[in-house]
Amino acid sequence: MDQQVLGHRVSKLTCSPTCSGNCYYSWLKQRWISDYWHTDEGYWQRTPTSIGCSTTATVWIDSTSSSIQDKYSCNVYTHVYSLPYCELGEQQWDVMYNLDSVCALEGSSVDLFCIYKHPGGLTVTASFWFINDQPGVEPVDLRDDDRYKGRVQYYQNQNQLYHTVTITDLRASDAQTYKFRFITDDPDGKYTGSSGVRLSVTGLKIEVSDTQRGGKQLNCSSTCTLTNPTYIWYRNGQPVSEQNRAVLYLRDRTVDAGSYSCAVKGHEEIRSAAVCGFEGLQVKVEGATSAPAEEQTVTLTCSSMCSSQSYSNYIWYRNRQPVSECRSASCSVAVFSGEISYSCAVEGRGLRYDAVCEFRYSFSGQNHND
């Protein structure tokens, strides 16, 4: 048997010859007992003490006294029907991840966590996370990977043997399996957690479908399952109150008209692409002052509530009567005393003036939008 002393207290033991198949190793220790009364130095303990078993030929022993004062031996047992539970050897090394897989939003941050163990008495000299595990190739620390520059932070406690990596500003290319590796002061004491954590990176998208009663169903979805998400819906950029589920129902073509997007609580800045619920129009005014002079010209603009959607032919109404001189998205009108209502519609789209926003101007010194 080969005994190698690491530092002052740790002995690395290798049993010879090794075995394969259904076998295990039993390890014994003899201590040197100092006895200056009967001998000049001392003597070896007569009956060896069992210190456990292993299924591998190499173990690490952390002694409470100098390992030089201990003598070890091993026995090999084969052809057993069932192997005992052994805590030495490969069982002295492990990495345990808190999750097998994680789903996170593109643009957000994610924490990956593990706890690990190694034989007592050894010191961890390096620890890191990596991707692209290849046999026989020393992996690259995420912090040194150009694809992750400036986006990786480590938090660790070597006394309690846990390690966390935080990856910020997640990208689609970050969807990988991440593994943890640590290196000790034993030249052969390097270990990688085999399973790793599979990270999936997703965006949000809205699927629109029609309901049986002529309404719309909006479903905010992701390509992987987020952990207990609370959804936030936005209509024309403003939050829709009391709607925190993945599904949003639209029933009223007038009230619910507009552009919709969704987000997850805690990541409100990461929103889905906007979709159109019911088509709707809005009228905006340019060139008006808070106290306009009579006959001042203002420009009204008819635009879709659904982001950049535009049309070719518009119809303008003044007090619900068509304005023949206005056929485009913009209409210049003169201010006169009294209250005048302007609205717009799209020719051939069924968007009539009774289903759109109106611009009203009350010329008593104040103006307002409806």
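Read the figures in this text as sums done on the coordinates, not as results from a lab. As the structure is a computational prediction, the values presented were derived from the model and not from experiment. Note: ideal-geometry Cβ built from the backbone for every residue, glycine included; neighbour counts use all protein chains shown.
Structure data summary
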{"quantity": "Kirkwood Rh and Cα Rg combined as Rg over Rh, evaluated for region 123-177", "calculated": "0.98"}
{"quantity": "10 Å Cβ shell holding at most 14 others, DSSP loop, GluC sites (Glu not before Pro): longest site-free stretch of the chain", "calculated": "88-241"}
{"quantity": "Residue exposure sequence - ARG213, ARG245, ARG181 - by fewest surrounding Cβ within 10 Å", "calculated": "ARG213, ARG245, ARG181"}
{"quantity": "Relative exposure of MET1, MET305, judged by other C-beta atoms within 10 Å (fewest first)", "calculated": "MET1, MET305"}
{"quantity": "Antiparallel bridge percentage (DSSP; both residues within the chain; nearest 5)", "calculated": "95 percent"}
{"quantity": "Value of relative contact order over region 69-215, rounded to a whole percent, pairs C-alpha under 8 Å and six or more apart", "calculated": "30 percent"}
{"quantity": "Inter-label distance for CYS23 and GLN134, nm, one decimal - labels placed 7 Å from Cα along Cα-to-Cβ", "calculated": "3.6 nm"}
{"quantity": "Nonlocal amide H pairs with GLY121, under 5 Å, H built at 1.01 Å", "calculated": "none"}
{"quantity": "Region 122-168: trypsin sites (Lys or Arg not before Pro) falling in loop per DSSP and having at most 12 other Cβ within 10 Å", "calculated": "LYS149"}
{"quantity": "Potential lengthening between SER310 and ASP169 on full extension [0.36 nm per residue; Cα-Cα distance subtracted]", "calculated": "47.4 nm"}
{"quantity": "Intensity falloff of region 94-201 expressed as log10 I(q)/I(0), Debye formula with alpha-carbon point scatterers, at q = 0.11, 0.13, 0.19, 0.20 Å⁻¹", "calculated": "-0.33, -0.46, -0.96, -1.06"}
{"quantity": "Cα-projected label distance for THR14 with GLU269, points at 7 Å along beta-carbon direction, nm", "calculated": "5.4 nm"}
{"quantity": "Convex hull per residue volume in Å³, alpha carbons only, for region 205-276", "calculated": "93 Å³"}
{"quantity": "Relative contact order of the chain, defined on C-alpha pairs under 8 angstrom at six or more residues apart (%)", "calculated": "10 percent"}
{"quantity": "Convex hull volume per residue for region 192-315, taking Cα atoms only, in Å³", "calculated": "195 Å³"}
{"quantity": "Amide H within-cut-off set for GLY280, under 5 Å, with H built and near neighbours excluded", "calculated": "GLY258, MET305, CYS306"}
{"quantity": "Estimated distance in nm for a label pair at GLU242 and ARG46, the labels positioned 7 Å out from Cα along Cα-to-Cβ", "calculated": "8.8 nm"}
{"quantity": "Quarter of Cα convex hull surface for the chain, i.e. mean projection, nm²", "calculated": "32.5 nm²"}
{"quantity": "In the chain, lysine pairs with alpha-carbon atoms under 26 angstrom apart (chain gap of 8 or more, or interchain)", "calculated": "17"}
{"quantity": "Ranking of SER34, SER63, SER343 by count of other Cβ atoms within 10 Å, fewest first", "calculated": "SER34, SER63, SER343"}
